[in-house]
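Undergrad: What follows is a single structure, and I will ask about it in a moment.
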Amino acid sequence: MRISTQTFYDQGQSAMGSQQLALFRIQQKVATGRNILSPSDDPVGAARALNVSQSLSEGSQYAASRTQAMGLLSREDDTLQSVATVLQNVKAQIVAAGNGTMSDADRASLATTIQSQLDQLVGMANTDDGNGQFLFAGFKSTNAPFAAQAGGGYQYLGDQGQRLMQVDVARQMPATDDGRSIFLSVQGGAGYVTSAPSSNTGTGVFSAVGVTDATAADYGKDFSISFAGGNYTVQTKETPPTTVATGAYTAGSPISFGGVQISVTGAPADGDSFDVSTARNAGTDVFAAMEQLVTALRQPLEGGGDKARADLLNALSTANVKITNAHDNVLTVRSSVGSRMNELDQLDSDGEARKLIDKSYLSEIEDLDYYSALSEFTQRQTSLQAAQQTFVSLSGLALFKYL
């Protein structure tokens, strides 16, 4: 079979072109340090590399979300720590206010201090997150959640939403808590709160409520203790009310009903009463409790006799229980915040471990084995040079050289 000169040249050029292209590809790999320059180099490996790259990108997004969530939770934790400190100070001042040696001026001074602490507490409740969003406003975070009312008290203008952040593949975490659950709520385990209406005219002073039987049928209901003719009557606050206990009043003797008991000292007048309600029904607004405390401390005792003294002691007892319940609630919320922060730390640790594994796997797929690549480069370069020299030598052959 005859092979034309043109065919010989075409085949030689094609062979050298293929070798040059292969050499160029290996040069590119060496220059970039990548084993896969295009999907055609390794379709399976390219698909795996794409999946791993997407996993790394998602991991980076989750890490950024965790950083943002940690910032919000840290700010909330700092604020709640300050809130707890204020409430603890108020509790100490309530105890001090019960000291019988304090004068009206001393109690007025305490009232001023507690009013200042109330103002601080409202400021903390209206804390922002550093980016103009109010921390405890729920989804209505563009406006301050607590606003003073013309007639006294503070209104919550936020909602009960929580900002959820996707901090991992299957974990959405609340990065904030709403103001209602912090400043206007108590825990389910909070006990009874006793209070005396301002219409009382006697000198009866109630003690703390003790639980005697939490399984009693009426336990958990609200009660009213009324006095008349030297006797007491305990009724539920249902409609219609149910009488659960009656008896002759003896100062200091326990009055038992609904799985709880309470003692009353002094001399309640006919028509006087005490309200014994669950913490959730007795008023859970910590701001209102502090305002009522300030009002009670500003009432002078001088000239008021035992009645004024009894009113003060009852008001202090009610305030102490309410502030304690509020303090416990803040500590519980702060504990939840701390748990979430710990979880974020663990998720960060797990995320870094996954990131390291993914990067190692991606390196195995994409990174070039320089030893093998340089060996292949030398081999292909030598082959190309040999082919070029052979082509030059063969293309110069002619019969005339042998005549």
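The values are calculated or read from the model by the stated rules, or taken from the named source; none is laboratory data. Everything quoted here is computed from the prediction, not taken from an experiment. Here Cβ is always computed from backbone atoms with ideal geometry, including for glycine, and neighbour counts include all displayed protein chains.
Let's see how each residue does on (1) among the charged types (D, E, K, R); (2) assigned to a loop (DSSP other than H, G, I, E, B); (3) touching a strand residue (DSSP E or B) at 6+ places or on another chain (Cβ under 6 Å); (4) within 18 Å of residue 321 (Cα to Cα):
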| site | (1), (2), (3), (4) |
| --- | --- |
| 216 | no, yes, no, no |
| 227 | no, no, no, no |
| 240 | no, yes, no, no |
| 255 | no, no, yes, no |
| 270 | yes, yes, yes, no |
| 275 | yes, no, yes, yes |
| 280 | yes, yes, no, yes |
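Undergrad: In the same structural domain as residue 330 (by TED's automatic domain parsing) and within 30 Å of residue 66 (Cβ to Cβ), is that true of residue 124? Even if it seems obvious, please write down each step before you answer.
TA: On the way: in the same structural domain as residue 330 (by TED's automatic domain parsing): yes; within 30 Å of residue 66 (Cβ to Cβ): yes.
Yes.
Undergrad: Here's another thing I want to ask about it. Within the group 336, 349, which residue is in contact (Cβ under 8 Å) with a residue 40 or more places away in the chain and part of a helix (DSSP H, G or I)?
TA: Residue meeting the stated conditions: 336.
Undergrad: Please find, among 151, 123, the residue that is free of Cβ contacts under 8 Å to residues at least 12 places away in the same chain, assigned to a loop (DSSP other than H, G, I, E, B) and out of contact with any Phe, Trp or Tyr (no Cβ under 6 Å at 6 or more places or on another chain). Can you show your working first?
TA: Values: 123 fails: assigned to a loop (DSSP other than H, G, I, E, B).
The unique qualifying residue is 151.
Undergrad: Still on this model: Which of the residues that make up region 69-110 are within 30 Å of residue 357 (Cα to Cα) and surrounded by fewer than 16 Cβ atoms within 10 Å (Cβ to Cβ)?
TA: First, the residues of region 69-110 that are within 30 Å of residue 357 (Cα to Cα): 69-74.
Correct list: 71, 74.
Undergrad: How many residues are of a type in the set (A, V, I, L, M) and modelled with pLDDT under 95 when one looks only at region 187-207? Working first, answer last.
TA: Going residue by residue through region 187-207, those that are of a type in the set (A, V, I, L, M) are 190, 193, 196, 205.
Remaining after also requiring modelled with pLDDT under 95: 190.
Residues that pass the stated criteria total 1.
Undergrad: For region 62-100, give me each residue that is farther than 30 Å from residue 168 by Cα and either aliphatic (A, V, I, L, M) or touching a Gly at 6+ places or on another chain (Cβ under 7 Å) (or both).
TA: First, the residues of region 62-100 that are farther than 30 Å from residue 168 by Cα: 82-100.
Of everything in region 62-100, those that are farther than 30 Å from residue 168 by Cα and either aliphatic (A, V, I, L, M) or touching a Gly at 6+ places or on another chain (Cβ under 7 Å) (or both) turn out to be 83, 84, 86, 87, 90, 92, 94, 95, 96, 97.
Undergrad: Separate question: Mind telling me which of the residues 278, 203, 243 ends up being of a type in the set (Val, Ile, Thr) and either surrounded by fewer than 14 Cβ atoms within 10 Å (Cβ to Cβ) or farther than 19 Å from residue 314 by Cβ (or both)? It would help to see each step written out before you state the result.
TA: Details: 278 fails: either surrounded by fewer than 14 Cβ atoms within 10 Å (Cβ to Cβ) or farther than 19 Å from residue 314 by Cβ (or both); 203 fails: either surrounded by fewer than 14 Cβ atoms within 10 Å (Cβ to Cβ) or farther than 19 Å from residue 314 by Cβ (or both).
Among 278, 203, 243, only 243 is of a type in the set (Val, Ile, Thr) and either surrounded by fewer than 14 Cβ atoms within 10 Å (Cβ to Cβ) or farther than 19 Å from residue 314 by Cβ (or both).
Undergrad: Just name the residue that is nearest to residue 347 (Cα to Cα) out of those in region 154-177 that are surrounded by 12 or more Cβ atoms within 10 Å (Cβ to Cβ) and small (Gly, Ala, Ser).
TA: Per the criteria, the residue is 175.
Undergrad: Looking at residue 59, is it touching an Asp or Glu at 6+ places or on another chain (Cβ under 8 Å), at pLDDT below 95, surrounded by 15 or more Cβ atoms within 10 Å (Cβ to Cβ) and not in a helix (DSSP H, G or I)?
TA: Numbers: touching an Asp or Glu at 6+ places or on another chain (Cβ under 8 Å): yes; at pLDDT below 95: yes; surrounded by 15 or more Cβ atoms within 10 Å (Cβ to Cβ): yes; not in a helix (DSSP H, G or I): no.
No; evaluated as a whole, the condition is false for this residue.
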